[in-house]
Amino acid sequence: TICSGNQLQDMEQNVELEGDVISCLQLHTVRTSNIAVNSSDCVSMQSQFSNSCCYDAPETPCVLCAGGTTRKDLEVDFNGGTETCEFVANFVANRENNGTEECTSSMDEFQEFCCMDKCSLCKETEQVDWDAYVEFDSKEEMSCGSFDWYFTSNSIEKGTDQCTDLQGDFGERCCYEPIDYSIPSCSLCKKGEAWYDLNGNVLVYFEGSNKTCTEVSNSLFRKAEDESGFCDAARTEYFTPCCFEKCDLCQGAQLDANVEVAYNETATTCLELGLQFVTDIIMEGSEDCNAAREILWEPCCYITPTEPCVLCQSNTASQGDIRDDVSITFYDSTTTCFDLNSFLVSREEQVGFMCQAAKSELQESCCYQECSICGSGGNLYWDNPTTFNDISFACGELTWILSGNSVEEGSEECSQMQENYFADCCNGPSELIPNAGNKCELCPSGKDWYAQVIDDGKPMTCLELDTVLLQKGIFKDSAECEDAKRDFSNQCCYTPPERPCNLCQLGQKSYSVLDQTVVYNGADTNCYGIYNYLWTRLETEDDACLVTQNDLFDECCYSKCSICGEDYQLDQEMIVTHEGDDGTVISMGCSEIENSYIGINQITQASEQCARIQQQHWSSCCYDIPCELCVSGDQEYELLVDEPLTYMGAVRTCGDLAVLAERDFSQSDVCKSTKNDIFDYCCFKECNLCKEPDQAINWNRPLTYEGLASTCLDVYMNLRTSRVQAGDDRCQSIQFTVSHECCYKMPTNQCSLCQSSNGTFLNTNWNIEVNYQGEVVTCGDVNAKLSSEELDGILCLSARDDLWNQCCTPQQGGNTGLGGILPQLAPEVSDSTELGQSSSDLDTGRENGGGYANDGEFASTTFFRRNGSHSSHSYLYTALMVLPMSIATLLITLL
């Protein structure tokens, strides 16, 4: 290839080759097809033509008509010839960075001729009604939303007679003033607190013409508030013809969404069936509903347990934590310990047979007790100083290391840690910090132990200061302690950011950090130190972050050399002979050169040293992979396998074209050309309901969407079915409409109703009904509602104060098992009960559908047997909808 690294190919320029004038396109494709990479001919071609036929893509492209629209077909003089404004705009965007002198010069030269303010049908305060249709331009029904495309394609400018005429003719019909979406919108099929579904295809007379109920519902949702008189009048007139109660397959039980079933000779999931009931207008109480429920209740529905089964809950202290990724086999299905535990918690009773079977069979494989530095022979003294890897630590910080490394009690590593640190951490307060129990705490949360401070003229770390305060007899609640907090908390204390500031982040790309001294805040410091400080202290959105990035990016950040660039893959295992700048020859792995040698020597991309390394090792260290149609950059999108497409004269599906593309390599011209032609047709870029990447979705939240009584999950599934993609106007509109209802920011420490102040948990009385926020709900519902709140938030603390005595009860036998981490197993059920043993509890399990046969073996329908307890937890359903349980997936043929 003529172009190197991240350069793009210029297809338009002409060059002279062997006496012939040819285009760069011909040079890139035909004339270089038989020349080997890194050969002398290739190097010669690159030397001759890279300046003419290649260019560097701008990081922030110059937008010729920023804030306006391009007059596409207007021709102007450009580069010695005549080109359209659309060509000029694309040329400038592909080659010039925004804000540069070249970009400004292009704007000054061409904006007057090439740019315009496009006509808009609606006023600035109005929105287009996409569901409204008008007769226009020989079309009997054209969507009002299509006018924007019409204005663009025909270059109709704002303020022209044609624009004014179209606004006058269609503005009133097509435009409306949007309501304030912080106020609930009018939902046609909501009656009181009950939500009904919409019979969308029924025709009714609305606003002067026949409309479907879907169009009526959409119009009301966008234009009327829920408590307005207009909304009430519309409900009175249209509720009966437009709304119905959908068949509830599970009748208050929980839907096992991902279970596969065969129904009406079609393979589908229980969730898709529930949505199909809406499409097919299957009403509650109808013969079709009753017939479907009789067949599908068993595989699709389950009762939420009152005392959920926790795999690693035991009367002993030998288990406690889950080995998340350990693969296991249970009931002839392969899954992980984490997924099995999730399944058991959501579906099985603590005293149920399957729960006891899983514990008996799998606790040893799946569960472990986290290593304790002090074991059972002592108590941990958090602030005692010790040394780990030649660094001074507080003993309490060692627990984070053990937890992060999943060090298990009884392991050799745990025994070694206990031997090394018991004396420092477990034999009582250190002599260096007498009266530690009454010490002055400088920081309420994050402590930067290694920040430098000056106390009485002596430089020291905050950890050393902590010890000095104790030695001086400065204790909490004293005036001296308050003085110390005032003097040192700004240096020693911090709250870790949720979205850390990255000094070397520019747009979506992160660069490497230079080991270089710079001036920051008036003092000499190191780029690494600044990088670490910003990462641990500042949010991405903070002004200080943005200012520091702007001031120091050029001094501290660089694009690190890569042997293979961004387009090719590095062979991690390959060993090569590397010749250094001093002539030294040494054997090194390609990954060692890439990750260590280049980084230590801070070799930048496009430098002579980088070019030499690439020339030495590219052929040995780099390889290409097959063309993947729906991969763009680092992002892989969903292939629309069955989407038909006419391409190169043949009708094929996108799946067929993807298979054909894999015959070529990802960097081949064939691959790039194919992806350029059909990527937008064949690859689905999912529309996320939430605007912010760090938000979570409340899948079961009820709302009205396109007139249907829906949940956020229904909206998400509808977007996928309708092929609404990220970046589409429709996607952005839906995000604006539903994100405030469906999305919430995940708490740092999640609220749990029955978590006591010392961190231990009490039993939750899941089915007890209480009055919460003016509603009668169960304690389980309250717990689910609080899951989006912070543990120390006002809402969480208030709920615990109000409902603690009603919803929370102590563990039987005290909260001692597993160090008080989890609730206790009920004493009447023994961990030692054998699977075949008969007991009153197990007999009860049989009577209630415990899921095993008379001989004590598992019955074939075990996973579809439900426990006999009855409850209705609408909010608990949220967690169950997203469990990727392979063992819960079963294809059964139903009559």
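The values are calculated or read from the model by the stated rules, or taken from the named source; none is laboratory data. All values derive from a computational prediction rather than experimental measurement. As a convention, Cβ positions derive from the backbone with ideal geometry for all residues, glycine included, and neighbour counts pool all protein chains shown. Heavy atoms of the whole protein, side chains included, go into the accessibility calculation; ligands, DNA and RNA do not. Shrake-Rupley method; radii C 1.70, N 1.55, O 1.52, S 1.80 Å.
Answer yes or no as to whether residue 222 is open to solvent by 30 Å² or more (accessible area, probe 1.4 Å) and assigned to a helix (DSSP H, G or I). Yes: the conditions hold for residue 222. Here residue 559 meets the list (1) closer than 22 Å to residue 506 by Cα; (2) open to solvent by less than 40 Å² (accessible area, probe 1.4 Å); (3) among the hydroxyl-bearing types (Ser, Thr, Tyr) almost entirely, failing just condition (2).
Within region 438-484, the set of residues being in a helix (DSSP H, G or I), touching a helix residue (DSSP H, G or I) at 6+ places or on another chain (Cβ under 8 Å) and of a type in the set (Gly, Ala, Ser) comprises just one member, 484.
Once region 279-310 is narrowed to residues that are open to solvent by less than 20 Å² (accessible area, probe 1.4 Å) and aliphatic (A, V, I, L, M), the residue that is farthest from residue 341 (Cα to Cα) is 292. Considered as a group, the residues in region 564-596 that are among the hydrophobic types (A, V, I, L, M, F, W, C) and assigned to a loop (DSSP other than H, G, I, E, B) include one that is nearest to residue 516 (Cα to Cα), and that residue is 564.
Here is a yes/no grid of residues against (1) among the aliphatic types (A, V, I, L, M); (2) in contact with a Cys (Cβ under 9 Å, 6 or more places away or on another chain); (3) not in a strand (DSSP E or B):
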| site | (1), (2), (3) |
| --- | --- |
| 99 | no, yes, yes |
| 105 | no, no, yes |
| 120 | no, yes, yes |
| 124 | no, no, yes |
| 135 | no, no, no |
| 141 | no, no, no |
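Scanning region 403-427 for residues that are within 16 Å of residue 378 (Cα to Cα) and either open to solvent by less than 50 Å² (accessible area, probe 1.4 Å) or at pLDDT below 80 (or both) yields 414, 417, 418, 421, 425, 426.
Scanning region 713-768 for residues that are at pLDDT below 80, under 14 Å from residue 791 (Cα atoms) and in a loop (DSSP other than H, G, I, E, B) returns 746, 747, 748, 749, 756, 757, 758, 759, 760. Inside region 343-370, residues that are among the hydrophobic types (A, V, I, L, M, F, W, C) and crowded, with 22+ Cβ neighbours inside 10 Å make up a count of 8.
For every residue, the table says whether it meets (1) surrounded by fewer than 20 Cβ atoms within 10 Å (Cβ to Cβ); (2) on the phi > 0 side of the Ramachandran plot; (3) under 18 Å from the mean Cα position of the chain (by Cα); (4) of a type outside the set (Val, Ile, Thr).
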residue	(1), (2), (3), (4)
665	yes, no, no, yes
671	no, no, no, yes
685	yes, no, yes, yes
692	yes, no, yes, yes
701	yes, no, no, yes
710	no, no, no, yes
722	yes, no, no, yes
744	yes, no, yes, yes
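Taken together, the residues in region 497-514 that are modelled with pLDDT of 80 or more and part of a loop (DSSP other than H, G, I, E, B) amount to 6. With respect to the conditions (1) within 30 Å of residue 674 (Cα to Cα); (2) crowded, with 16+ Cβ neighbours inside 10 Å, residue 632 falls short on a single one, namely (2). The selection criterion, being modelled with pLDDT under 80, farther than 30 Å from residue 410 by Cα and of a type outside the set (Lys, Arg), does not hold for residue 264. Yes or no: residue 85 of a type outside the set (Val, Ile, Thr) and touching a residue at least 40 places away in the same chain (Cβ under 8 Å)? Spelling it out, it is not the case that residue 85 is of a type outside the set (Val, Ile, Thr) and touching a residue at least 40 places away in the same chain (Cβ under 8 Å). Suppose we keep only residues that are of a type in the set (A, V, I, L, M) and under 30 Å from residue 155 (Cα atoms) within region 29-84. Which one would you say is farthest from the chain's Cα centre (by Cα)? In this case the residue turns out to be 76. Within region 12-30, track down each residue that is open to solvent by 70 Å² or more (accessible area, probe 1.4 Å) and part of a loop (DSSP other than H, G, I, E, B). Across region 12-30, the qualifying residues are 12, 13, 18, 30. Among 139, 123, which is the only one that is modelled with pLDDT of 85 or more, surrounded by fewer than 19 Cβ atoms within 10 Å (Cβ to Cβ) and within 30 Å of residue 206 (Cβ to Cβ)? That would be 123, the only listed residue that is modelled with pLDDT of 85 or more, surrounded by fewer than 19 Cβ atoms within 10 Å (Cβ to Cβ) and within 30 Å of residue 206 (Cβ to Cβ). Answer yes or no: is there a residue in region 127-134 that is closer than 30 Å to residue 58 by Cα and either open to solvent by 80 Å² or more (accessible area, probe 1.4 Å) or at pLDDT below 85 (or both). No - not one qualifying residue is present in region 127-134.
Just checking, does region 543-552 include any residue being assigned to a strand (DSSP E or B) and open to solvent by 50 Å² or more (accessible area, probe 1.4 Å)? Looking through region 543-552, none of the residues is assigned to a strand (DSSP E or B) and open to solvent by 50 Å² or more (accessible area, probe 1.4 Å). Among the residues of region 226-243, none qualifies, meaning not one is basic (Lys, Arg), modelled with pLDDT under 85 and either under 36 Å from the mean Cα position of the chain (by Cα) or at negative phi (or both).
Filter region 36-54 down to residues that are touching a Cys at 6+ places or on another chain (Cβ under 9 Å) and either open to solvent by 50 Å² or more (accessible area, probe 1.4 Å) or farther than 24 Å from residue 617 by Cα (or both), then give me how many there are. Of the residues in region 36-54, 4 are touching a Cys at 6+ places or on another chain (Cβ under 9 Å) and either open to solvent by 50 Å² or more (accessible area, probe 1.4 Å) or farther than 24 Å from residue 617 by Cα (or both). Residues satisfying the criterion are present in region 485-503 (criterion: open to solvent by 80 Å² or more (accessible area, probe 1.4 Å), touching a residue at least 60 places away in the same chain (Cβ under 8 Å) and touching a strand residue (DSSP E or B) at 6+ places or on another chain (Cβ under 9 Å)).
In the set (1) open to solvent by less than 90 Å² (accessible area, probe 1.4 Å); (2) over 25 Å from residue 503 (Cα atoms); (3) assigned to a helix (DSSP H, G or I), the condition left unmet by residue 599 is number (2).
Tallying residues that are in contact (Cβ under 8 Å) with a residue 24 or more places away in the chain and more than 24 Å from residue 13 (Cβ to Cβ) within region 88-112 yields 2.
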